[in-house]
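The values are calculated or read from the model by the stated rules, or taken from the named source; none is laboratory data. On a predicted model such as this, the values are computed, not experimentally measured, just so you know. Neighbour counts run over all protein chains shown; Cβ positions are idealised from the backbone, glycine included.
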Amino acid sequence: MRQKMLAGAAALFTILAAQGVAHAGVFDFDYAGVLFGTSTPVDVVGTLTTAGTSSTITAITGTDNGAAITGLTTYQGSDNLLTYPANPSYFDFNGLGFTTANLSANIYYNVLGNVYEDSNGATVTGGSLTVTPVPEPGSLLVLGTGLLGLALVMRKRRAG
């Protein structure tokens, strides 16, 4: 019985590994830093959508210091490509360009680290950037089904 449980767990692990959350197509992101020469914080949070398994970002939602992000742009030559996992950063030298009602901004990577610049002249160098894939509903379904199956096996084992 124990061998069957281990085989089931191994099969579940293999299925989940094959699903691969790195190709989720939807990613949560958070950029935090301090404006150059001040103590004013900058916080950009939201969700990025990529075209299938492509690294091209096709949609963005979120906020830039509380202002709603309204869409993608090519501000300062942004190419809107996502590298996941980071190598060495999630965005390249051209970066992620986006707009709010009042400005255009770009988050990109250079020798100073992750940089934020906007059309109002604000600059942050060396800010922290995190990007996390949002699990696919299919992956969650497989995980839930596997856990339910393991629970039923354990219940049968205890009853019999």
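Sort out which residues of the stretch 66-90 are exposed (fewer than 15 other Cβ atoms within 10 Å of the Cβ), under 18 Å from residue 115 (Cα atoms) and touching a residue at least 12 places away in the same chain (Cβ under 8 Å), and write them in order of number.
74, 77, 83, 86, 88
Out of everything in the stretch 106-131 that is polar (S, T, N, Q) and in a strand (DSSP E or B), what residue ends up being farthest from residue 83 (Cα to Cα)?
Going through the qualifying residues, I end up with 123.
Given the structure, is residue 6 at pLDDT below 95, surrounded by 15 or more Cβ atoms within 10 Å (Cβ to Cβ) and outside the structural domain of residue 72 (by TED's automatic domain parsing)?
no
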